[in-house]
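Participant: Please read through the structure below; I'll follow up with questions.
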Amino acid sequence: MNILVSNDDGILAPGIRVLANACREVGNVTVVAPDREQSGTSHSLTLHRPLRPARTHDGAFQVDGTPTDCVLLAVGALLPERPDFVFSGINHGPNMGEDVLYSGTVSAAMEAVALGIPGIALSFAGRDPELMSSYHVTLVRLIRQITSIGSFPAETLLNINLPKIPADEVKGVRVTKLGSRFFSGSITPMKDPWGREVFWIGGGDVTWTVDQDSDQAAVKEGYISVTPLHMDLTNYRLIETVGSWALEL
């Protein structure tokens with residue numbers, strides 16, 4: 001079994017080493033990841049300059065592009081065979097609710113699905129590399145189970161979030177839906193050295209809706225959250241309603 005591992009935190013991030021080491025106990029692993037942090041790049045592609053993948057001393061590839069670039073290049077040019085699975089992560093910080101729309105980690109898995117390959121995104125709700133490393137055995141078990149699925153659902157990726165606790169304290173696995181949250185105070189006005197106004201996006205306070213079936217609730221309660229995400233964003237329930245609007249030119 002051939003497994004491609006990528007991420008959005010960059011090839012030097014501890015999380016990708018944890019994930020790659022777990023995947024190596026299940027199959028043959030190739031790492032193709034950005035050469036620097038690409039958090040929040042979503043599903044963006046680099047179209048206006050060439051990409052220069054470079055081989056590292058341990059056989060991995062680092063790419064001066066986005067997570068989506070990495071998966072596209074790996075499948076289309078760098079690997080001798082198409083991978084059977086693409087695992088993306090482990091992200092340093094959760095990817096829950098609307099985060100999946102911004103996440104480079106999730107988008108790498110999404111690009112795999114777009115190419116007809118099962119994609120799995122993994123994120124850790126904390127920042128402590130040692131705490132993340134405690135999940136090695138748990139990850140191997142999850143990866144074995146996922147890769148043994150006989151027929152992986154089409155146009156579907158799995159978004160997995162690990163709680164910010166030691167692995168031996170995890171209560172189990174919950175299959176969840178996406179939660180919903182909103183930010184307040186996430187835009188900070190500043191002045192540049194010339195006194196001109198600039199804005200920094202990030203931080204602020206996060207408020208989550210209360211929903212026990214959500215990814216956020218599961219992780220908060222000490223469970224691993226597994227959320228199946230579908231590539232088709234069509235709201236089928238509204239097709240007839242929008243059709244009744246009689247839109248025309």
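The values are calculated or read from the model by the stated rules, or taken from the named source; none is laboratory data. Computed from a prediction, not measured in an experiment: that's the story for all the values here. Cβ sites come from the backbone with ideal geometry, for glycine too, and all protein chains shown count toward neighbours.
Participant: Return the residues of the range 182-208 that are loosely packed, with under 10 Cβ neighbours inside 10 Å and not in a strand (DSSP E or B); say none if nothing qualifies.
Facilitator: G185, D192, P193, W194, G195, R196, listed by residue number.
Participant: Next question, about the same structure. Taking only pairs six or more apart or across chains, which ones have beta-carbon atoms under 6 Å, a first residue in the range 126-140 that is polar (S, T, N, Q), and a second residue that is modelled with pLDDT of 95 or more?
Facilitator: The qualifying pairs are S133/V18; S134/P166; S134/A167; T138/A167.
Participant: Tell me whether the range 75-90 contains one or more residues that are basic (K, R), out of contact with any Phe, Trp or Tyr (no Cβ under 9 Å at 6 or more places or on another chain) and over 13 Å from P34 (Cβ atoms).
Facilitator: First, pick out the residues of the range 75-90 that are basic (K, R): 82.
Checking the rest, the ones that are also out of contact with any Phe, Trp or Tyr (no Cβ under 9 Å at 6 or more places or on another chain) come to 82.
Filter once more, so that each one left must be over 13 Å from P34 (Cβ atoms): 82.
Yes, some residue in the range 75-90 is basic (K, R), out of contact with any Phe, Trp or Tyr (no Cβ under 9 Å at 6 or more places or on another chain) and over 13 Å from P34 (Cβ atoms).
Participant: Further, regarding this structure: Among the candidates D211, D168, which residue alone is without any contact (Cβ under 8 Å) to a residue 40 or more places away in the chain and assigned to a helix (DSSP H, G or I)?
Facilitator: Exactly one of D211, D168 is without any contact (Cβ under 8 Å) to a residue 40 or more places away in the chain and assigned to a helix (DSSP H, G or I), namely D168.
Participant: What is the number of the single condition among (1) under 30 Å from R82 (Cα atoms); (2) surrounded by fewer than 18 Cβ atoms within 10 Å (Cβ to Cβ) that D168 does not meet?
Facilitator: In the conditions (1) under 30 Å from R82 (Cα atoms); (2) surrounded by fewer than 18 Cβ atoms within 10 Å (Cβ to Cβ), D168 misses (1) alone.
Participant: Collect the residues in the range 38-81 that are in a loop (DSSP other than H, G, I, E, B), over 13 Å from the mean Cα position of the chain (by Cα) and surrounded by 15 or more Cβ atoms within 10 Å (Cβ to Cβ), keeping them in residue-number order.
Facilitator: If the condition is that a residue be in a loop (DSSP other than H, G, I, E, B), over 13 Å from the mean Cα position of the chain (by Cα) and surrounded by 15 or more Cβ atoms within 10 Å (Cβ to Cβ), then S44, T46, L51, P53, A60, D64, G65, L79 are the ones that fit.
Participant: So, of the residues in the range 157-207 that are polar (S, T, N, Q) and modelled with pLDDT under 95, which turns out to be nearest to G116 (Cα to Cα)?
Facilitator: Looking at residues that are polar (S, T, N, Q) and modelled with pLDDT under 95, I get S180.
Participant: Go through the range 174-192 residue by residue and tally those that are charged (D, E, K, R), without any contact (Cβ under 8 Å) to a residue 60 or more places away in the chain and under 26 Å from I160 (Cα atoms).
Facilitator: Residues flagged as charged (D, E, K, R), without any contact (Cβ under 8 Å) to a residue 60 or more places away in the chain and under 26 Å from I160 (Cα atoms) within the range 174-192 amount to 2.
Participant: Mind listing whichever residues of the range 150-163 are surrounded by fewer than 22 Cβ atoms within 10 Å (Cβ to Cβ) and either touching a helix residue (DSSP H, G or I) at 6+ places or on another chain (Cβ under 6 Å) or without any contact (Cβ under 8 Å) to a residue 24 or more places away in the chain (or both)?
Facilitator: G150, S151, A154 - these are the residues of the range 150-163 that are surrounded by fewer than 22 Cβ atoms within 10 Å (Cβ to Cβ) and either touching a helix residue (DSSP H, G or I) at 6+ places or on another chain (Cβ under 6 Å) or without any contact (Cβ under 8 Å) to a residue 24 or more places away in the chain (or both).
Participant: I'd like to verify a number: residues in the range 219-237 that are surrounded by 10 or more Cβ atoms within 10 Å (Cβ to Cβ) and either aromatic (F, W, Y) or more than 18 Å from the chain's Cα centre (by Cα) (or both), how many?
Facilitator: 4
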